[in-house]
Structures are given as structure tokens and as C-alpha cells.
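Below is one structure; the comments refer to it alone.
The values are calculated or read from the model by the stated rules, or taken from the named source; none is laboratory data. Just so it is clear, the model here is predicted, and its values are computed rather than measured. For neighbour counting, all protein chains shown are included, and Cβ atoms are generated from backbone atoms with ideal geometry for every residue, glycine included. Side chains included, ligands, DNA and RNA excluded: accessible areas come from the protein's heavy atoms. Shrake-Rupley method; radii C 1.70, N 1.55, O 1.52, S 1.80 Å.
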Amino acid sequence: MRNETEDSPDFKGLTADYFDRRSETYDQDALFPKLAFVILKHANLQQGLSVLDIGTGTGRLALQAAKTIGNEGSVIAIDLSSEMLTQAHFKAGMDSLTNIQFIQGDIEATEFEDASFDRILCSSAFVLLADPLKALKTWNLWLRPQGIVSFDAPGEPFGINTIIAAIASNHGINLPYAQVANTIDKCRNLLESSGFDVLDISPELMQEHPMQLEDALAVWDKSIAHPAWFELTNVPAGALRRIRAEFEAEVTASATNGNIVSKIVMNVVTGQKRS
Ligand SMILES: C[S@@+](CC[C@H](N)C(=O)[O-])C[C@H]1O[C@@H](n2cnc3c(N)ncnc32)[C@H](O)[C@@H]1O
């Protein structure tokens, strides 16, 4: 669970603003386009099902799900960011899809009737939640018997960001984004303690390539701007400078001939509502 004080910046507001700003180019520069399709595969969608897509963004999963379940089924797609939803709406219109309802809002402040859905999907948004375990328990109630949840979370390693998270942790700063579901055990515990049987937990290799040292060092600025690393925005400037200096030293020391390998694994986690 994220630690927020009364003085902390508004995490949900920052998240919505960040994705509003990225919305027009999100589909071109999203890091892991393949991830949504891995989640869909595990969700085992069929005609006529009722689906909730959480953090739908530009609708990557929601649109595909709507096509698979057909007009007998329905998709509710929710997101904090109005601009991401604008893109999703547009694409649904282009595809003449009439079985999707878009909702702008915070999933952690939204209510649905118990047993409303057959599937709950959440691609690249689970670790942006303030309280992921509480959310999973709630999603369990929203699912019908035998209902399936499928989501992803950064695994190990998570590229250059693994170095940032480890140094922050040495400084006593917990970055939930990197640590909520980074191991198979944590994924299993999350499912089992929220009323799910484990169907599948797959570490999926998303990226493995050499990066120039300069690009690896630039990951710091990109990460700091992302709501995933929100906790770092509360760190006093002097401490943040020290963490950054350690990051730069470690990345530089890890480079060989000016290159460093970035390897990114995402854990794709699928559970079935325990009967
Ligand atoms: C990285 S994008 C993923 C979008 C899409 N699922 C995909 O796979 O392309 C994360 C999305 O989650 C949304 N999001 C984050 N926290 C949320 C919350 N509490 N409630 C609803 N949406 C949220 C963000 O606004 C953003 O559009």
C-alpha cells in the first residue's frame, strides 16, 4: 500500500495528468504492446461474456475483448485519464463497436454489484493502484463464480529501473511499483489471499537489448516523471541527489564498452475465483 501523507501530492491526479499528456502518442510508444495480448490469451474470452477492463487507457484490451465476446457480451472499460479514454472512444467508433461502455474514474473509488463480471483484466495498471491487494479482494467480489482475473506487474529484472529500486530500497524508500508482485511467490500470495486459485503465473520476457550508457542514464529522468515512481517525488532534494549519484555510478560501472544490457520481465498473473 502506498504511504501518502496530507502533504503528499495527489497521486491519482498526477497519474491522470501524466496519461492525459501521453495519450496522443501512447499507442506508438507504449513499452509492451505484446503484454495486452498475453493477458487476453490467459483470460480465455468467449462469446457472450461480461468483461471489466481496468486502466483501459487507449482501449487496447477492451477493443479486442469486445470483438471476441461479440454483441451478446459486454465490456466496461474504466480509466482515470479522460484523454486516454478519448483515444479509446475514437478507436471503438472506427471499429463500429457498440458493446463497450467507457467510464472515467478511479477504480479504487468505483462500485459495482457483486457477481457483475466473468472476466476482469488489468494491463499495465495494477501496480499503479494505491492498494493492489485490497483492489484484488474487491475484484473477487465483482466476479461471478469461476470468474477469471488477469493482470501484470513488473518482474525481475525490470530493466535499468531495477537499479533505481534497489538503491531507493537501501535508502529506506519502498517503491511499490517495483515490489508488489515482482516474484512468483508474491504473485501467488496476492491471488491466494484475495480469494483466487492460481491459474497461471508467467514471467514474460518483454525486452532484452543492449543500451548505450547515455540512454541508460536517461532512464532516471523518464522514471522520475512516471507516476509509478511517485514515492521518489516525496524524497527531500538532497537525498534524491544522493540516490541519483549512486544510480549513475552503478550504471556506469555496469557498462561494458559503453553498453549495458536492459532486460525486462513482466509477470502475467491469472487467477480464478475460488468456489
Ligand atoms: C500504462 S497505461 C495501460 C493502458 C492499457 N491497459 C494498455 O495496456 O495499453 C495505465 C493506465 O491505467 C490508468 N489508471 C491508473 N490508475 C488507475 C485507477 N486507479 N483507476 C483507473 N485507471 C487507472 C492510467 O490512467 C492509464 O491510462
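Numerical summary
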read-out: Criterion: acidic (Asp, Glu), open to solvent by less than 60 Å² (accessible area, probe 1.4 Å) and in contact (Cβ under 8 Å) with a residue 12 or more places away in the chain - qualifying residue of GLU248, GLU156, GLU208, GLU204; value: GLU204
read-out: Residue tally, condition more than 21 Å from VAL198 (Cβ to Cβ), touching a residue at least 60 places away in the same chain (Cβ under 8 Å) and either of a type in the set (Asp, Glu) or more than 8 Å from the ligand (Cβ to nearest atom) (or both), over region 51-65; value: 1
read-out: Scope region 22-50; condition within 19 Å of ASP200 (Cα to Cα), more than 10 Å from the ligand (Cβ to nearest atom) and among the β-branched types (Val, Ile, Thr); matching residues; value: VAL38
read-out: Complete set of residues in region 159-182 that are buried (at least 16 other Cβ atoms within 10 Å of the Cβ) and in contact (Cβ under 8 Å) with a residue 60 or more places away in the chain; value: GLY159, ILE160, ASN161, ILE163, ILE164, ILE167, ALA168, ILE173, PRO176, ALA181, ASN182
read-out: Output for region 254-275, where each listed residue is outside any strand (DSSP E or B) and farther than 13 Å from ILE160 by Cα; value: ASN257, GLY258, ARG274, SER275
read-out: Residue, nearest to ALA153 (Cα to Cα), within region 46-77, restricted to residues that are open to solvent by 10 Å² or more (accessible area, probe 1.4 Å) and in a strand (DSSP E or B); value: ILE76
read-out: Index of the failed condition, MET94 passing every other in (1) among the hydrophobic types (A, V, I, L, M, F, W, C); (2) surrounded by fewer than 20 Cβ atoms within 10 Å (Cβ to Cβ); (3) touching an Asp or Glu at 6+ places or on another chain (Cβ under 6 Å); value: (3)
read-out: Breaking point among (1) of a type in the set (A, V, I, L, M, F, W, C); (2) within 22 Å of GLU250 (Cβ to Cβ); (3) under 20 Å from the mean Cα position of the chain (by Cα), for ALA216; value: (3)
read-out: Check on LEU80, in contact with a strand residue (DSSP E or B) (Cβ under 6 Å, 6 or more places away or on another chain), surrounded by 14 or more Cβ atoms within 10 Å (Cβ to Cβ) and of a type in the set (A, V, I, L, M, F, W, C); value: no
read-out: Residues that are touching a residue at least 24 places away in the same chain (Cβ under 8 Å), at negative phi and surrounded by fewer than 14 Cβ atoms within 10 Å (Cβ to Cβ), drawn from region 251-273; value: THR252
read-out: Members of region 171-209 found to be β-branched (Val, Ile, Thr) and not in a loop (DSSP other than H, G, I, E, B), listed by number; value: ILE184, VAL198, ILE201
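Residue-wise test of (1) in contact with a helix residue (DSSP H, G or I) (Cβ under 9 Å, 6 or more places away or on another chain); (2) exposed (fewer than 14 other Cβ atoms within 10 Å of the Cβ); (3) under 14 Å from ASN161 (Cβ atoms).
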residue	(1), (2), (3)
GLU192	no, yes, no
VAL198	yes, no, no
PRO227	yes, no, yes
LEU232	yes, no, yes
VAL235	yes, no, no
